[in-house]
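J.: Handing you this structure, nothing more for now.
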Amino acid sequence: GEDKPLEAPRNFTVLNVVDAKQALLSWIPVSEESVRGHFKGYKIQTWTEGEGEDNYREIIIKNDAKQALVQKFTPDAENFARILVFNERYNGPPSNIVQFKTPEGVPSSIPLLEVFPLGSSSFHLKWKKPLQPNGKLTGYRIYYQQVNGTELYELMERKPNIEDPKIMTAKLAGLKADSKYRVHVRATT
């Protein structure tokens, strides 16, 4: 039967924070004998201060790796990570914990956009902020394009942009009467 692995990977470090969700991590591998079973690979566990250590995400890495590009970090947050080895039955002891800050990322899409006609050439828009801002919201940009059957006309941007993240309504005017439009609202950080 298998037994608990004896060693934790050593020298677990962050080589490079690539972007808001990705970082390149490296470690010194464990010896095969210390695994005491079928060497399945490594588990990198990651969490943020807000989530807490008990609510980690786990990324499985193949057993011959010495580094990995992990893409599950939280943007604009203090992230924590550790690594451990596992066999078919047991996890080994965890490594040292590394801590690093990720930059702001792209906000997720807004969860709700309502469009109300205002006369024949304008709309009143109302939306909700993104569920995952991935940074400090600075405002919103509104895009629109005329639709004719299956043809989409040029994508236009409403000016001025909204520079206050608390404002979640706007008027979109100067549109052609009796025309269909597609409207997009995007948050900015």
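J.: Before we move on, is residue 65 closer than 30 Å to residue 188 by Cα and open to solvent by less than 30 Å² (accessible area, probe 1.4 Å)? Can you show your working first?
T.: On the way: closer than 30 Å to residue 188 by Cα: no; open to solvent by less than 30 Å² (accessible area, probe 1.4 Å): yes.
So residue 65 fails the test.
J.: Of everything in the stretch 33-57, what is of a type outside the set (Gly, Ala, Ser) and open to solvent by less than 80 Å² (accessible area, probe 1.4 Å)? Give them in sequence order.
T.: Matches in the stretch 33-57: 35, 39, 42, 43, 44, 45, 46, 47, 48, 51, 57.
J.: Looking at the stretch 109-124 only, could you name the residues that are closer than 16 Å to residue 168 by Cβ, in contact (Cβ under 8 Å) with a residue 40 or more places away in the chain and assigned to a loop (DSSP other than H, G, I, E, B)? Please lay out each step first, then the result.
T.: Here is the first cut: in the stretch 109-124, the ones closer than 16 Å to residue 168 by Cβ are 109-116, 123-124.
When the remaining residues are screened for being in contact (Cβ under 8 Å) with a residue 40 or more places away in the chain, the result is 109-110, 113, 115, 123-124.
Of everything in the stretch 109-124, those that are closer than 16 Å to residue 168 by Cβ, in contact (Cβ under 8 Å) with a residue 40 or more places away in the chain and assigned to a loop (DSSP other than H, G, I, E, B) turn out to be 109, 110.
J.: Would you mind finding the one in 74, 138, 150, 102 that is polar (S, T, N, Q) and under 19 Å from residue 13 (Cβ atoms)?
T.: On the way: 74 fails: under 19 Å from residue 13 (Cβ atoms); 138 fails: under 19 Å from residue 13 (Cβ atoms); 150 fails: under 19 Å from residue 13 (Cβ atoms).
Being polar (S, T, N, Q) and under 19 Å from residue 13 (Cβ atoms) holds for just one of 74, 138, 150, 102, which is 102.
J.: Of all residues in the stretch 125-165, how many are in a loop (DSSP other than H, G, I, E, B) and over 18 Å from residue 111 (Cα atoms)?
T.: Our first condition is that a residue be in a loop (DSSP other than H, G, I, E, B); within the stretch 125-165, this holds for 128-138, 149-150, 153-155, 158-161, 163-165.
Retained after the next criterion (residues that are over 18 Å from residue 111 (Cα atoms)): 149-150, 153-155, 158-161, 163-164.
The total comes to 11.
J.: So residue 30 fits all but one of (1) touching an Asp or Glu at 6+ places or on another chain (Cβ under 7 Å); (2) among the aliphatic types (A, V, I, L, M); (3) open to solvent by 70 Å² or more (accessible area, probe 1.4 Å); what number is the exception?
T.: (3)
J.: Restricting to the stretch 11-49, name every residue that is more than 30 Å from residue 104 (Cα to Cα) and of a type in the set (Lys, Arg).
T.: Of everything in the stretch 11-49, those that are more than 30 Å from residue 104 (Cα to Cα) and of a type in the set (Lys, Arg) turn out to be 36, 40.
J.: Going through the stretch 5-17 one residue at a time, which ones are surrounded by 15 or more Cβ atoms within 10 Å (Cβ to Cβ) and assigned to a loop (DSSP other than H, G, I, E, B)?
T.: 5, 7, 8, 9
J.: Of the numbered conditions (1) open to solvent by 70 Å² or more (accessible area, probe 1.4 Å); (2) over 21 Å from residue 136 (Cα atoms), residue 90 fails exactly one; give the number of that condition.
T.: (1)
J.: Just give me the residues in the stretch 166-189 being open to solvent by 40 Å² or more (accessible area, probe 1.4 Å), polar (S, T, N, Q) and not in a loop (DSSP other than H, G, I, E, B), in sequence order.
T.: Matches in the stretch 166-189: 169 only.
The values are calculated or read from the model by the stated rules, or taken from the named source; none is laboratory data. Please read all numbers here as calculations on a predicted model, not as lab measurements. No Cβ is skipped: glycine too gets one built from the backbone with ideal geometry, and neighbour counts run over all protein chains shown. The protein model used for the area step is the full one, side chains on, heavy atoms only, and it has no ligands, DNA or RNA in it. Shrake-Rupley method; radii C 1.70, N 1.55, O 1.52, S 1.80 Å.
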